[in-house]
Amino acid sequence: MKVLIVGSGGREHTIAWKVAQSPLVDKIYCAPGNAGIAQFAECVPIGAMEIEKLADFAASNAVDLTVIGMDDPLVAGVVDAFEAKGLRVFGPRKNAAILEGSKAFSKDLMKKYNIPTAGYETFEDPEAAIHYLENEAEFPIVLKADGLALGKGVLICNTLEEAKDGVKAIMLDKQFGSAGNRMVIEEFMTGREVSVLSFVDGKTIRIMTSAQDHKRAKDGDQGLNTGGMGTFSPSPFYTPEVDEFCHQYIYQATVDAMKTEGREFKGIIFFGLMLTPKGPRVLEYNARFGDPEAQVVIPRMKNDIVEVFEACIDGRLDQIDLEFEDNAAVCVVLASDGYPVSYKKGLPISGLESFDGKDGYYVFHAGTKFADDGATVLTNGGRVLGIVAKGADLKQARANAYEATQWVRFENKYMRNDIGRAIDEI
Ligand SMILES: Nc1ncnc2c1ncn2[C@@H]1O[C@H](COP(=O)(O)OP(=O)(O)O)[C@@H](O)[C@H]1O
Ligand SMILES: [Mg+2]
């Protein structure tokens, strides 16, 4: 098979690395890819949002399967464009990717089908939102821009003043662009967060092992929100009781609801859960692998991922049993100091070869490119590398991952030092 992977981050590197292990595959393309992916795939300079170009490339190069890593092209309809050309592609169509693309849609779906989530109201008029805040809201309260906002469209507001400023930022100043044409105002919940990824074939859902991410830039969950500074898997807080509750009230219910709505979902559903005192609640859905959740979940997966992708597309996921290793993995993101605000790019990276042949240690590239010499690897983003290690348990995996962070050097290298710290509490 020839497989095309769309995206350029650590998630896509991890997917490509796993696809490369499949005996079914003899050629991998990645668009646009990065310097890590280029070690075993042919990177083609087509952007993830150049949908027609991607489909043309797949058609003219006889690509057998395309896997979409990122949210924006899915929400924009990349899967529909591929299908229109008769191409096989893994991911939800536009009418199903809306599960991630519109928070108002997903909240309405959960309400209609009794899937546990925070209470909320939806607004299209900023005046009405402010009226609601002044008269009915309890604080803290959560404001969410409806559309995709690079993980920055959620504001937690402690006072009425903050919330009014938030409405202004989202709906009037359009800080998140058209994502703020609509807004969800939601009840504030408390509890631990867990991410659960799943494969879905339209009717059957198969849950992967759990994970937890660290969104803030600095130790102790301080600083600005980022794309993610690290992850660990499994989450010790995702107990058998939580799993049973979610199977009963959340997972299949979501898949069935989408089917009933005429929006059959095929692809990955990422359940962002909060384990509240009243039980698990859905914070949000994503329609693709998490980044950097993929980096700790996929290396623990025993199945041939290409077989699972194919089973999802063909609607025979019921014949697949997912299997995960009975161990743990930790990912520590190496960023460029100053991320997520401003940071230098183009700095040379050394030590990457230290990972060669080291079982259970991985370096997944998030933002890298080759220098003009075609050999030196340079930083090319705020998040540069994901250092991943496995271990018999979370503590061992964490120790291994932090050890491996020392193998790589670049100027302005920055990381959090407390990834997985929460596991010390249990
Ligand atoms: N109702 C809520 N109560 C408390 N915290 C919330 C609530 N909704 C979201 N959050 C916090 O905000 C983060 C981002 O919200 P989320 O809905 O996942 O949107 P996105 O990932 O698109 O930014 C969550 O991971 C959680 O920490
Ligand atoms: Mg989220």
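Couple of notes before you dig in:
- Surrounding net charge for R93, when Lys and Arg each add one and Asp and Glu each subtract one, Cβ distance under 11 Å: 0
- Amide H contacts under 5 Å for L283, placed H, 5+ residues apart: G272, L273, M274
- Where T159, T226 fall by accessible area, highest first, once all protein chains stay in place (1.4 Å): T159, T226
- Positive end of the dipole of the stretch 275-426 (Cβ unit charges, origin at the Cα centre): among N412, N303, A328, the Cα lying farthest that way belongs to N412.
- Protein accessible area in the chain, 1.4 Å probe - carbon and sulfur %: 47 percent
- Given a 1.4 Å probe and the protein chains as shown, Y285 ends up with an accessible area of around 0 Å².
- Accessible area per residue in Å² at 1.4 Å probe, computed on the chain: 41 Å²
- Couplings 3J(HN,Hα) of the stretch 174-185, computed from phi: 6, 4, 10, x, 5, 4, x, 5, 10, 8, 10, 10 Hz, in residue order, whole Hz [Karplus 6.51 cos²θ - 1.76 cosθ + 1.60, θ = phi - 60°; x for Gly and Pro].
- Sum of -39500 (n - 2.57) over DSSP H runs of 4+, divided by residues of the chain (222 nm, nearest 500): -7500 deg cm²/dmol
- 3J(HN,Hα) couplings calculated from phi for the stretch 13-18 with the Karplus curve 6.51 cos²θ - 1.76 cosθ + 1.60 (θ = phi - 60°) are, in sequence order, 4, 5, 4, 4, 4, 6 Hz; Gly and Pro show x.
- A 1.4 Å probe over all protein chains sorts F139, F289 by accessible area into F139, F289, starting with the largest.
- Electrostatic dipole magnitude of the chain [Cβ: Lys, Arg +1; Asp, Glu -1; Cα centre; debye, to 20]: 500 debye
- Accessible surface of F237 - all protein chains present, 1.4 Å probe, nearest 10 Å²: 30 Å²
- The local environment of R316, defined by Cβ-Cβ distances under 11 Å, has a net charge of -4 under the rule Lys, Arg +1 and Asp, Glu -1.
- Around the amide H of N380, modelled in the peptide plane, lie the amide H atoms of G346, G367, T368, K369, all under 5 Å away and 5 or more residues distant in sequence or on another chain.
- For the stretch 139-148, Karplus couplings with θ = phi - 60° (6.51, -1.76, 1.60), whole Hz, Gly/Pro x: 10, x, 9, 10, 9, 10, 4, 5, x, 5
The values are calculated or read from the model by the stated rules, or taken from the named source; none is laboratory data. For clarity, every value in this text was computed on a predicted model and none was experimentally measured. All Cβ positions, glycine included, derive from the backbone under ideal geometry; neighbour counts span all protein chains shown. Side chains are part of the model used for accessible areas, which takes the heavy atoms of the whole protein and leaves out ligands, DNA and RNA. Shrake-Rupley method; radii C 1.70, N 1.55, O 1.52, S 1.80 Å.
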